[in-house]
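A short worksheet on the structure shown next.
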Amino acid sequence: METKRQLDVLDQRLSKNDFISGQNYTIADIAIWSWYGQLVLGELYNADVFLDVAKYQHVMAWAKKIDNREAVKRGKMAREISEVTVQIKGFIK
């Protein structure tokens, strides 16, 4: 399966580096985390069990590290507020 192959490639890369492009957090991490990071954290598609993401220890550590960043927390909170606003607007109509 292609997703598992890509997770394996990421896991190997992250076994040698703290972040995708090396030792510093960059736009590469921001772009990749939005899908792979949330996927391994169980926030997308409920596929974390099916993909056995726990075995990708370096990807998991990387995803958690980024998920704990203040800017990411604020971004996720803004998304949740936006989703609730849309739901409320739909209910009021």
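The values are calculated or read from the model by the stated rules, or taken from the named source; none is laboratory data. These figures come from a predicted structure and were not determined experimentally. Quick reminder, even Gly has a Cβ in these numbers, built from the backbone with ideal geometry, and neighbours come from all protein chains shown. Note: accessible area is taken over every heavy atom of the protein model, side chains too, but ligands, DNA and RNA are not part of it. Shrake-Rupley method; radii C 1.70, N 1.55, O 1.52, S 1.80 Å.
Could you please state how large a percent of the accessible area of region 1-85 is carbon and sulfur, counting protein chains only and using a 1.4 Å probe? Whole-percent figure for carbon plus sulfur exposure: 55.
When 65, 76, 16 are compared by accessible area of protein heavy atoms, the largest-first order is 16, 65, 76, using a 1.4 Å probe.
Less than 5 angstrom separates the built amide H of residue 19 from those of 24, all sequence-distant by 5 or more or on a different chain. Ranked from largest to smallest solvent-accessible area, with a 1.4 Å probe on the protein heavy atoms, 56, 25 come out as 25, 56.
In this simple spin-label approximation, residue 25 and residue 50 carry label points 7 Å from Cα along the Cα→Cβ vector, and these lie 3.1 nm apart. Judged by the ratio a/c of the largest to the smallest principal axis of the C-alpha gyration tensor, region 13-83 counts as oblate, that ratio being 1.5 or greater while a/b is no larger than b/c. Taking a ≥ b ≥ c as the square roots of the Cα gyration tensor eigenvalues, region 1-42 comes out oblate, since a/c reaches at least 1.5 and a/b does not exceed b/c. Peptides 4-12, 66-74 ranked from most to least packed, by the mean per-residue count of other Cβ atoms within 10 Å: 4-12, 66-74.
Extension gain, residue 6-residue 18: 0.36 nm per intervening residue step, less the Cα-Cα distance, totals 2.6 nm.
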